[in-house]
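*Asks:* I have a structure here, written as structure tokens, and I will follow up with some questions on it.
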Amino acid sequence: MRNIKNILFVLLPTLGMPFFSACDCQQASLPDPAEAIVKKHTIRFTTPLERIPARYDTDAPLLGNGFTGVALSGPPEEQVFYAARNDFWRLKSALDESYPAVLGKIELSIPQLKNASYLIEQDLYDAISYASFTKEDLSVYCKTYLAAAEDVWVLEIRQEGKETLEGFVQIAHSEGKEMVNEPPLERVFPDTREYDLTPDGVQYLSRAFIDSVDIPTKAAMALRVEGCPDGKFILEPGETVRIVCAFSSNFKSDDCVAAVIQKAMNCSTSAQLAKIEKDHKQWWKEYWERSYVSIPDSVIERQYYQSLYGMGACSRDLDFPPSIFGTWITKERPWWNGDYHLNYNHMAPYYALYSANRIEQANPYYMPLLASIPRGNYYSEKVTSIPRGILLPVGAGPLGIETTRRSAFMDQYFKEWIDNKNVEDEGLFWGQKSNSAYAVVNMSMQFYHTWDKEYTRKVYPFVKGVATFWENYLTREGDRYVIYNDAIHEGTVGSKNPILSLGLARMVMQTVSDMSSFLGVDENKRTQWAFIHDHLSDYPLQERNGKTVFRYTERGTDWWDGNTLGIQHIYPAGQIGLNSDPELLKIACNTIAEMNRWSDYNGSNSFYPAAVRVGYDPDSILVHLNAYARHTYLNGFQFGNPHGIENLSTVPNTINEMLCMGHQDIVRVFPVWPHDKDVSFHQIRVEGAFLVSAKLKNGEVTSLALFSEKGRDLTLQNPWGERKVEIKNKTTSKTVVEGEYIKMRTVAGETYQFMPVE
């Protein structure tokens, strides 16, 4: 054990805490707009958290870099940092045998801090958390982050009190309260664990699933305490200790144990840590600058940025999207095995990322689906006799794993699922044929928002396979196509024309046709796809409380008192919008009012944007959205909602749609926003691959700029009504146009400024 002495440490005020490292001492410059906005929303935790470890979403402060996640817990004297990775799962295609797992934990013991005051502040802009623990002559300040450019976790501890401080830090495997072992339904599967200490004082551990799995997995972490090979440290007043923990897996390193040990050694010097922190801050700076908004409601605005922080922290690993609860797995096994549920849960977290111009975080979404194409082909032919189609069950995991596949375990303990026809062949479908079509939703959103040819080539085989299924599964009756033997809700087997499937099938046919044209392939199929799109059955209707509203099915379930499936043909399927038939819009608004699902465990993320898409009263939307944003833990997860990161899309997606909508081939600014509320936004991405920035002040649009990424034709609703509009760009002369809609060709890479002519 050694004393930590003579370490340079500069004290500057930040977030109410005198804690900065040497790399923070550069000359401060004026904050950019994104920094000025995001910095307002510091998150303060004043008591230790309670929902950790948990099999669901936790209430703890969260750190992440898109590959590894760390959740903070424990009182000042016994802090525990839970570590998990997106690519560390048990991978077996069988019911309840595949799930993301806890990698390990970092335990920090400082007994002198028992009964100390507790404060953790999270700076969302820099993605750094600061802690202050004070007791009599002890004042301990901590700074921690999960580096965005290196897969390492950094913790700095400084003693600012008058006493000598002693502590101990170690890494450990999950055990006891982090595990669930309640057979026969809650099983623990064998794993392989190792823990050791290198001669250089690096603690390391690994965990692996090798036996009885389809794909072996292994992950490792290694921790080094500067100057303390045994993990014990002593701090005199004014001294600092720095702790580094590195992470990897068998998918990132040939020898992940050797890799993390080497990285822990290499990243421990002051110079290297300064570079790691600088690169970390730069990554987050660029993340926030991609798009931002400034709105007059601080509660909604805070949740807007906290949601985007959450997705930035958990989604970057292309082959391993975050699970239902993100990267923050603190207890095994998470509910629903933490899988990618395909009847909406896997899709919902990403909805806001397209308009928020954060495509890097959206990309991991589709990779497990592409890996599932062979299984989708199998079920399409086996269950419905449709070759080359794609039909997927409800449960998916990484790398083509099917998390709900029929097994001896299912036959023994869940035989009623089979008897009730919720299982077809080996797949758990709950009677729903719509999972694969639902999977196309996000592929469609990304396609229309980016018009990226390389991306389109990647996902087109999946989209075409789903279209192949539907064009053969639909029944032609006279002048319309009908859907039989489907389900609107899980287990409502045998329904006719579920409204969600009608919307999704239309979306699939439109998307596959446009992708086909864009890629110049399958021209001979487009006429059929278009015919199906135009001749699918109308959405079923009914009367409730004297108003016409949508019916959930044409035959079968008429209404449901929870969930939001009754409006998901509007959003996310995108089949009704402000340019739709006025009578259809009226029915849609009636349905929104009748459902009243502003706070729903299974669908608020679709209910709010659906309300925006059909022009529901914007003041009402904002009132409910404010209440929704208040109904959260401090880390942004919804109170009592067991579904984790899917709720991170609700606020940013709703606000972006209210401020700038690019739906039905028309770009609209402030289309569903109260014009008595000043607001501005920067680079909201809309369909057509346009990035739009605008400002509303005193009821007038005072600035409007549009960047054309791909040079596509633009139809812009004139935000100044019938007034003439002047258009400027760098390469052409000024143009003056007029009319309700401005239609123009754009040039890729050009920015266009729009201003009314006085």
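The values are calculated or read from the model by the stated rules, or taken from the named source; none is laboratory data. Bear in mind the structure is a predicted one, so any value in this text is a computation, not a measurement. Note: ideal-geometry Cβ built from the backbone for every residue, glycine included; neighbour counts use all protein chains shown. The accessibility values were calculated without ligands, DNA or RNA, using every heavy atom of the protein model including side chains. Shrake-Rupley method; radii C 1.70, N 1.55, O 1.52, S 1.80 Å.
*Asks:* If you take the residues of the range 254-290 that are of a type in the set (D, E, K, R) and touching a helix residue (DSSP H, G or I) at 6+ places or on another chain (Cβ under 6 Å), which of them is farthest from residue 691 (Cα to Cα)?
*Replies:* Of all residues in the range 254-290, those of a type in the set (D, E, K, R) come to 254-255, 263, 275, 277-279, 281, 285-286, 289-290.
With the extra rule that they be touching a helix residue (DSSP H, G or I) at 6+ places or on another chain (Cβ under 6 Å), the set shrinks to 277-278, 289.
Details: 277: 30, 278: 28, 289: 13 Å.
Looking at residues that are of a type in the set (D, E, K, R) and touching a helix residue (DSSP H, G or I) at 6+ places or on another chain (Cβ under 6 Å), I get 277.
*Asks:* Just give me the residues in the range 490-510 being under 17 Å from residue 532 (Cβ atoms) and among the polar types (S, T, N, Q), in sequence order.
*Replies:* Scanning the range 490-510 gives 497, 501, 510.
So that you can scan it fast, the table gives a plain yes or no per residue for (1) within 20 Å of the chain's Cα centre (by Cα); (2) more than 30 Å from residue 34 (Cβ to Cβ):
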residue: 346; (1), (2): yes, no
residue: 352; (1), (2): yes, no
residue: 359; (1), (2): yes, no
residue: 365; (1), (2): yes, no
residue: 372; (1), (2): no, yes
residue: 375; (1), (2): no, yes
residue: 395; (1), (2): yes, yes
residue: 420; (1), (2): no, yes
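*Asks:* Still on this structure, I have one more. Among residues belonging to the range 194-213 that are in contact with an Asp or Glu (Cβ under 9 Å, 6 or more places away or on another chain) and not aliphatic (A, V, I, L, M), point out the one that is farthest from residue 83 (Cα to Cα).
*Replies:* Among those that are in contact with an Asp or Glu (Cβ under 9 Å, 6 or more places away or on another chain) and not aliphatic (A, V, I, L, M), it is 212.
*Asks:* Shifting gears a bit: Considering only residues that are over 20 Å from the mean Cα position of the chain (by Cα) and of a type in the set (A, V, I, L, M), look in the range 119-148 and name the one that is farthest from residue 315 (Cα to Cα).
*Replies:* 138
*Asks:* If you take just the strands (runs of 3 or more DSSP E) that sit entirely in the range 33-80, which of them hold at least 1 residues that are touching a Pro at 6+ places or on another chain (Cβ under 7 Å)?
*Replies:* Ranges flagged: 43-45, 68-73.
*Asks:* Something else now. For residue 565, state whether it is closer than 22 Å to residue 491 by Cβ, out of contact with any Asp or Glu (no Cβ under 6 Å at 6 or more places or on another chain) and crowded, with 21+ Cβ neighbours inside 10 Å.
*Replies:* Judged against the criteria, residue 565 is a match.
*Asks:* Can we say residue 618 is under 23 Å from residue 556 (Cβ atoms) and either modelled with pLDDT of 95 or more or in contact with a Pro (Cβ under 8 Å, 6 or more places away or on another chain) (or both)?
*Replies:* Working: under 23 Å from residue 556 (Cβ atoms): no; either modelled with pLDDT of 95 or more or in contact with a Pro (Cβ under 8 Å, 6 or more places away or on another chain) (or both): yes.
No; evaluated as a whole, the condition is false for this residue.
*Asks:* Here is a further query. Inside the range 619-676, can you point out the residues that are outside any helix (DSSP H, G or I), of a type in the set (Val, Ile, Thr) and closer than 23 Å to residue 448 by Cα?
*Replies:* Within the range 619-676, the subset outside any helix (DSSP H, G or I) is 631-643, 660-676.
Still in the list and also of a type in the set (Val, Ile, Thr): 632, 666-667, 669, 672.
666, 667, 669, 672 - these are the residues of the range 619-676 that are outside any helix (DSSP H, G or I), of a type in the set (Val, Ile, Thr) and closer than 23 Å to residue 448 by Cα.
*Asks:* Inside the range 231-240, can you point out the residues that are open to solvent by 10 Å² or more (accessible area, probe 1.4 Å), in a strand (DSSP E or B) and not charged (D, E, K, R)? Before you say what the answer is, go through the steps one by one.
*Replies:* Filtering the range 231-240 for residues open to solvent by 10 Å² or more (accessible area, probe 1.4 Å) gives 232, 234, 236-239.
Checking the rest, the ones that are also in a strand (DSSP E or B) come to 232, 234.
234 - this is the single residue of the range 231-240 that is open to solvent by 10 Å² or more (accessible area, probe 1.4 Å), in a strand (DSSP E or B) and not charged (D, E, K, R).
*Asks:* Give the range 172-190 a look and list any residue that's in contact (Cβ under 8 Å) with a residue 60 or more places away in the chain and either surrounded by fewer than 22 Cβ atoms within 10 Å (Cβ to Cβ) or among the acidic types (Asp, Glu) (or both), or say none.
*Replies:* Result: 172, 173, 177, 178, 179, 180, 184, 185, 186, 187, 188, 189.
*Asks:* May I pose another question? Whether any residue in the range 382-405 is in contact with a Leu (Cβ under 6 Å, 6 or more places away or on another chain), of a type in the set (Gly, Ala, Ser) and under 24 Å from residue 185 (Cα atoms) is what I want to check.
*Replies:* Yes, because at least one residue in the range 382-405 is in contact with a Leu (Cβ under 6 Å, 6 or more places away or on another chain), of a type in the set (Gly, Ala, Ser) and under 24 Å from residue 185 (Cα atoms).
*Asks:* Being buried (at least 16 other Cβ atoms within 10 Å of the Cβ) and either farther than 28 Å from residue 358 by Cα or not hydroxyl-bearing (Ser, Thr, Tyr) (or both) narrows it down to one of 724, 695, so name that one.
*Replies:* Just a single option satisfies the conditions, and that option is 695.
*Asks:* If residue 510 passes every condition in (1) open to solvent by less than 20 Å² (accessible area, probe 1.4 Å); (2) touching a His at 6+ places or on another chain (Cβ under 6 Å) but one, which one does it miss?
*Replies:* Residue 510 satisfies all of (1) open to solvent by less than 20 Å² (accessible area, probe 1.4 Å); (2) touching a His at 6+ places or on another chain (Cβ under 6 Å) except (1).
*Asks:* Please specify each residue of the range 521-545 satisfying the condition of being in a loop (DSSP other than H, G, I, E, B), open to solvent by less than 70 Å² (accessible area, probe 1.4 Å), out of contact with any Lys or Arg (no Cβ under 6 Å at 6 or more places or on another chain) and free of Cβ contacts under 8 Å to residues at least 60 places away in the same chain.
*Replies:* Within the range 521-545, 522, 539 qualify.
*Asks:* Among the candidates 615, 640, 636, single out the residue that is surrounded by 20 or more Cβ atoms within 10 Å (Cβ to Cβ), of a type outside the set (Lys, Arg) and on the phi > 0 side of the Ramachandran plot.
*Replies:* Answer to the check: 636.
*Asks:* Considering each of 442, 435, 485 in turn, give the residue that is open to solvent by 30 Å² or more (accessible area, probe 1.4 Å) and not aromatic (Phe, Trp, Tyr).
*Replies:* After applying the criteria, what remains is 485.
*Asks:* Do we have any residue at all in the range 460-483 that's part of a helix (DSSP H, G or I) and among the charged types (D, E, K, R)?
*Replies:* Checked the range 460-483: at least one residue is part of a helix (DSSP H, G or I) and among the charged types (D, E, K, R).
*Asks:* Go over the candidates 336, 328 one by one and state the one that is part of a loop (DSSP other than H, G, I, E, B) and of a type in the set (A, V, I, L, M, F, W, C).
*Replies:* Answer to the selection: 328.
*Asks:* Would you mind telling me which numbered condition in (1) open to solvent by less than 10 Å² (accessible area, probe 1.4 Å); (2) more than 26 Å from residue 587 (Cβ to Cβ); (3) over 31 Å from the mean Cα position of the chain (by Cα) residue 467 fails?
*Replies:* Residue 467 satisfies all of (1) open to solvent by less than 10 Å² (accessible area, probe 1.4 Å); (2) more than 26 Å from residue 587 (Cβ to Cβ); (3) over 31 Å from the mean Cα position of the chain (by Cα) except (3).
*Asks:* Hey, another quick one. Does residue 685 satisfy the criteria of being assigned to a strand (DSSP E or B), touching a His at 6+ places or on another chain (Cβ under 8 Å) and more than 23 Å from residue 298 (Cβ to Cβ)?
*Replies:* Judged against the criteria, residue 685 is a match.
*Asks:* If I go through the range 295-325 residue by residue, how many of them are under 21 Å from residue 42 (Cα atoms) and either touching a helix residue (DSSP H, G or I) at 6+ places or on another chain (Cβ under 9 Å) or basic (Lys, Arg) (or both)?
*Replies:* The number of residues fulfilling the criteria is 17.
*Asks:* Right, next: Checking the structure you have, find out if any residue of the range 197-213 is within 30 Å of residue 402 (Cβ to Cβ), among the small types (Gly, Ala, Ser) and in contact with a Phe, Trp or Tyr (Cβ under 6 Å, 6 or more places away or on another chain).
*Replies:* No: zero hits.
The rows are residues; the columns are (1) more than 21 Å from residue 245 (Cβ to Cβ); (2) modelled with pLDDT under 95; (3) polar (S, T, N, Q); (4) open to solvent by 10 Å² or more (accessible area, probe 1.4 Å).
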| position | (1), (2), (3), (4) |
| --- | --- |
| 2 | no, yes, no, yes |
| 13 | yes, yes, no, yes |
| 36 | yes, no, no, yes |
| 42 | yes, no, yes, yes |
| 49 | no, yes, no, yes |
| 67 | no, no, no, yes |
| 77 | no, no, no, yes |
| 105 | no, no, no, yes |
| 114 | yes, no, no, yes |
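*Asks:* Kindly state which helices (runs of 4 or more DSSP H) lie completely within the range 241-322 and contain at least 3 residues that are closer than 30 Å to residue 628 by Cβ and open to solvent by less than 10 Å² (accessible area, probe 1.4 Å).
*Replies:* 270-289, 298-314
*Asks:* Taking the range 652-692, which residues are polar (S, T, N, Q) and open to solvent by less than 10 Å² (accessible area, probe 1.4 Å)?
*Replies:* Selection gives 653, 654, 656.
*Asks:* Given the conditions (1) at pLDDT below 95; (2) open to solvent by 50 Å² or more (accessible area, probe 1.4 Å), which single one is not true for residue 579?
*Replies:* All conditions are met except number (1).
*Asks:* Hey, another quick one. Every residue in the range 368-382 that is over 28 Å from residue 327 (Cβ atoms) and open to solvent by less than 40 Å² (accessible area, probe 1.4 Å), please.
*Replies:* First, pick out the residues of the range 368-382 that are over 28 Å from residue 327 (Cβ atoms): 377-382.
If the condition is that a residue be over 28 Å from residue 327 (Cβ atoms) and open to solvent by less than 40 Å² (accessible area, probe 1.4 Å), then 379, 380 are the ones that fit.
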